[in-house]
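In what follows, a single structure is set out as structure tokens and then discussed.
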Amino acid sequence: MFRDINRFSKQQYDLLIIGGGINGAAIANMAAQYGLSVALVERSDFASGTSSKSTKLIHGGLRYIEHLEFDLVKESLKERAIQLKCAPHLVKPLGFIIPVYKKDRRPLWMMRLGVSLYDFLSGKNTIKKHCSLRRQDILERVPGIKKEGLVGGVMYYDAQMDDARLCLENILSADSKGAHVANYVEVQAFVKQNLKVIGARVKDLVTLNTFEIKAKKIVCAVGPWTNFILKLDHKETPTKIRTTKGIHIVYKKQFAHDALFIQSTSDKRIFFIIPWYGHSLIGTTDTDYTGHPDDVQATDEDIEYLLRETRRIFPMENVSRDEIATTFAGLRPLVHGKGSPSDVSRKHIIEQTPSDIFYVIGGKYTTYRKIAQDCLKYILKNEKMEFPEDYTLYGSGNVIEDVQELARMYQLDVSTVQLLMDKYGTRFKDILHFVQEDPRLKEKICTCSPAIRAQVAYSIKVEMVCMVDDVIWRRLGIGYLGCKTGKCREVIERYLKKK
Ligand SMILES: Cc1cc2nc3c(=O)[nH]c(=O)nc-3n(C[C@H](O)[C@H](O)[C@H](O)COP(=O)(O)OP(=O)(O)OC[C@H]3O[C@@H](n4cnc5c(N)ncnc54)[C@H](O)[C@@H]3O)c2cc1C
């Protein structure tokens with residue numbers, strides 16, 4: 001995938017997509033597959049917005065059952081099945097334990113009913129049937145969990161994903177089908193003719209050049225930035241979305257093999273403790289946010305809330321701030337709704353301004369394929385569109401290879417070969433090809449992970465990286481490990497300078 005900026009001003013596209021988060025990426029992928037000429041621009045890196053700040057679950061959303069949002073849950077569970085099939089390397093089944101305590105807001109019978117309904121709604125797409133857990137089962141499966149008041153629990157199944165890479169694979173797929181995509185290109189104004197938008201004035205944030213991109217239709221998939229971009233069209237545009245902040249901490253300990261679904265005692269929220277890169281991803285929070293989306297961050301208060309709740313569940317663990325590898329914060333771009341942030345529906349809607357800009361708001365990561373499909377149907381309402389249920393991505397396909405044998409052949413660690421398969425799917429051989437061409441690329445980037453230099457070289461050549469953070473956070477994900485040496489950054493910087 002080549003960052004060729006000059007080509008953008010040479011034609012009028014069928015579709016210009018603004019925003020390279022998961023929704024924009026999927027719309028581009030699907031539109032290119034459908035045969036449209038597509039341009040996509042992203043002002044920062046692909047997935048650098050909300051789409052790399054999620055809890056990283058492809059899920060029906062057990063808690064939405066409580067809100068009686070059965071349609072949303074059912075739709076999400078269907079999408080979960082599609083994602084498990086199309087990206088088995090990035091979306092993997094995961095068991096969730098719900099420990100229930102005497103004073104919990106939702107008692108054991110309610111949790112049992114909830115997971116039964118969840119399995120019922122997923123029908124033939126159930127990953128594995130839920131089961132009840134005795135108190136003793138939970139104590140064995142989750143060493144160190146609070147014993148006092150524990151009455152038992154349930155186990156159900158959902159899926160975990162790599163959000164940044166899933167987004168990137170949509171971008172790579174779109175590019176391979178002929179879409180023109182670029183990161184670090186910002187839309188700064190709309191170009192109009194007879195009060196209708198016919199293009200956008202953009203700035204390449206690498207060279208600082210500005211130019212115009214013309215298109216027959218324009219879609220804004222800018223998530224939390226929607227209110228701001230629509231004001232570029234019309235200063236008086238009323239606020240379209242409600243943004244709520246969610247933060248996560250990555251804690252340097254994996255508490256259990258399974259994920260935990262925990263009921264907070266201080267409010268009616270639930271939060272997760274999920275295995276992630278050998279650590280635990282703990283989150284999330286949900287609070288209204290009225291600041292600028294560029295400024296969102298995890299505050300001390302947010303972090304303390306999650307630490308306090310984790311300490312409550314693991315009282316013997318001495319859970320401390322020093323063991324936090326990293327934190328991150330994101331904004332949910334929600335359709336306006338009343339009530340507390342957690343009560344607002346996660347449904348998506350697609351609308352159109354009087355000047356003919358289409359925009360997508362709301363939704364969940366899980367339903368991105370459906371959002372892209374609905375968006376294209378809405379935009380091309382005069383065409384009869386058929387979409388195949390099968391959705392393929394850049395690394396789609398099953399990887400059935402002997403990891404040990406490959407490790408021996410290429411003189412790599414088994415953990416490295418496994419990592420390559422997990423990150424790149426069927427494309428992992430492209431990285432091995434780099435190793436074959438230049439054996440120095442076998443070397444690990446740093447002691448903090450099994451990632452190798454070939455991945456950095458590959459990300460520069462194939463995955464359109466411009467900045468060190470693009471590699472650290474979104475191509476390799478080593479940022480989550482909280483490496484203290486700084487060596488990863490140094491190595492990547494060196495490669496980028498040679499670019
Ligand atoms: C804390 C949290 C946890 C979540 N957990 C889950 C989960 O586990 N499972 C799930 O299904 N969903 C989850 N979600 C929801 C999910 O992450 C979002 O619905 C999804 O990522 C939204 O994607 P998007 O493409 O609409 O927005 P974004 O990913 O934010 O993408 C919008 C992009 O537009 C770009 N942009 C903005 N302005 C411009 C401009 N002028 N020019 C060019 N580009 C521009 C931005 O840089 C950004 O990259 C979670 C959300 C949050 C906040």
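The values are calculated or read from the model by the stated rules, or taken from the named source; none is laboratory data. In this text the structure is predicted, and so the values were computed from the model without any measurement. When we count neighbours, we look across all protein chains shown, and the Cβ atoms used for this are built from the backbone with ideal geometry, even at glycine.
Among the residues of segment 315-324, the one identified as in a helix (DSSP H, G or I) and either surrounded by 15 or more Cβ atoms within 10 Å (Cβ to Cβ) or not assigned by TED's automatic domain parsing to the domain that holds residue 281 (or both) is 323. From the list 332, 308, 312, the one residue that fits, being within 12 Å of the ligand (Cβ to nearest atom), surrounded by 13 or more Cβ atoms within 10 Å (Cβ to Cβ) and among the basic types (Lys, Arg), is 332. Among the residues making up segment 1-33, those that are assigned to a helix (DSSP H, G or I) and within 26 Å of residue 384 (Cα to Cα) are 22, 23, 24, 25, 26, 27, 28, 29, 30, 31, 32, 33.
Only helices (runs of 4 or more DSSP H) wholly contained in segment 80-189 count here; list those with 2 or more residues that are within 14 Å of the ligand (Cβ to nearest atom). It would help to see each step written out before you state the result.
Values: elements: 108-122, 135-141, 163-176.
In segment 80-189, the matching helices (runs of 4 or more DSSP H) lie at 163-176.
Going by the conditions given, is residue 410 within 16 Å of the ligand (Cβ to nearest atom) and not assigned by TED's automatic domain parsing to the domain that holds residue 16?
Judged against the criteria, residue 410 is not a match.
Which ones in segment 34-79 are part of a strand (DSSP E or B) and over 30 Å from residue 201 (Cα atoms)? Within segment 34-79, 57, 58 meet the criteria. Do we have any residue at all in segment 318-327 that's under 27 Å from residue 23 (Cβ atoms), of a type outside the set (Gly, Ala, Ser), touching a Ser or Thr at 6+ places or on another chain (Cβ under 7 Å) and within 14 Å of the ligand (Cβ to nearest atom)? No; the residues of segment 318-327 include none that is under 27 Å from residue 23 (Cβ atoms), of a type outside the set (Gly, Ala, Ser), touching a Ser or Thr at 6+ places or on another chain (Cβ under 7 Å) and within 14 Å of the ligand (Cβ to nearest atom). Determine the pairs where a residue that is outside the structural domain of residue 232 (by TED's automatic domain parsing), located within segment 187-216, has a partner that is of a type in the set (D, E, K, R) with Cβ atoms under 7 Å apart, the partner being 6 or more residues away or on another chain. Sorted first by the residue in segment 187-216, then by its partner, the list stays empty. When residue 285 is tested against (1) in a loop (DSSP other than H, G, I, E, B); (2) more than 12 Å from the ligand (Cβ to nearest atom); (3) of a type in the set (S, T, N, Q), only condition (2) is not met. If you scan segment 214-234, which residues turn out to be more than 18 Å from the chain's Cα centre (by Cα) and assigned to a loop (DSSP other than H, G, I, E, B)? Within segment 214-234, just 234 meets the criteria. One residue stands out among those in segment 248-260 that are under 16 Å from residue 145 (Cβ atoms) and away from the ligand (no atom under 12 Å from the Cβ): the one that is surrounded by the most Cβ atoms within 10 Å (Cβ to Cβ), which is 251.
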